[in-house]
Amino acid sequence: MQPSTQYIGHGTSLLIKKEPLAIREAKIPFEIRQIQSSVLRPDKVQTAVPVIQKSYEIIWIKKGSGSFRVDTKNQEIENDIAYLVTPGQLYQFCPKGEIEGFSIAFSEEFLCSGEKEMAFPFHTSRYAGSTIFPSVRIDPDVNSELDIVVSMMLNEYSKGLKFKSEVLKSLLNVVMIYLSRKMDFMPDKALLKGRNGLLRKFMQLLNERFTSKMMVSDYASELFVTPNYLNEVVKKETGFPVRHHIQQRLILEAKRRAMSSEMNMKEVAFGLGFEDTSHFSRFFKNNCGMNFSDFRKQHSTLIF
């Protein structure tokens, strides 16, 4: 008996073709899906609830239109564009009319396998608290080649063969190299060493610990350098001291929680490590230019 094809929503109004259940039970942090939408009224944009991204994801739109929002940034959906979404981002995908493409989701560990620079196209900013939403135009000269690679991925993912994970990792690396080339970006191993390496490690640690570590000395201790040296390196590379990045990362998360949950300000403040709600309120207003309630009201009207 042939397994039935299942269609699900993926934080969107899309219908995404998934593999049979027996195949999806494979314990690998990777998933590839073919995006197929129902035929929608051309004058009607389907809405969906914003979701917090759990993994790295490449969303390659081969054909379609609509809107894509990540945090507070909006972008129009276009043909032959690959959108790169990172874990923790608040995103909403609203197609209009028919849409076709692919979604490839995976963990950083699955992608990198010791080569951390392979994930760099997802992190094209050196500034904490900024929303990074890279998009890559897939030109005709590489469209057919990427089609072949992605078709190989779909075929490999649908089977339970030996070394399945290794084959998928290799194909994913090929996709990432193609995308890097179209971004005029190639991983530079020098960035992983010396002063730039310290900056990368600080940013990674900040993303992991920003709710529990709010002092420059906390990060310096973890990185085995003095607070002064860490400040010197971070400021030279980014133009801002460590404290600024800590504050901006906290504000970004506060904005995401304000837009994506029904938690009140006190709950958001406590979740971000603030014991004093009035302190958090001042902190939020000083960094956003408006109070928490006004921000939530303003951005709730922007949810598609």
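Bear in mind these aren't lab numbers, they're just calculated from the coordinates by the rules spelled out. This is a predicted model, so every value here is computed, not measured. Note: ideal-geometry Cβ built from the backbone for every residue, glycine included; neighbour counts use all protein chains shown.
Roughly how many whole Å is it from the C-alpha centroid of the stretch 131-182 to that of the stretch 195-259? Each part reduced to its Cα centre gives a spacing of 33 Å. In terms of packing, defined here as the mean over residues of other Cβ atoms within 10 angstrom, the peptides 245-251, 162-168, 173-179 line up highest first as 245-251, 173-179, 162-168.
Report the calculated FRET efficiency for Glu232 and Asp141 (r = Cβ-Cβ distance, R0 = 51 Å), to the nearest 0.05. E(calc), rounded to 0.05, equals 0.70. Given their separation in residues at 0.36 nm each and the Cα-Cα distance between them, Met290 and Glu98 gain 65.2 nm when the chain is fully extended. Placing +1 on the Cβ of every Lys and Arg and -1 on the Cβ of every Asp and Glu, with nothing else charged, gives the stretch 238-296 a dipole about its Cα centre of roughly 200 debye. Rounded to 0.05, the FRET efficiency of the Arg209 and Glu275 pair, given R0 = 22 Å and the Cβ-Cβ distance, is 0.80.
Checking the Cα-Cα distances for Lys27/Lys182; Lys54/Lys213; Lys54/Lys164; Lys213/Lys266 against a 29 Å cut-off, the pairs over it are Lys27/Lys182.
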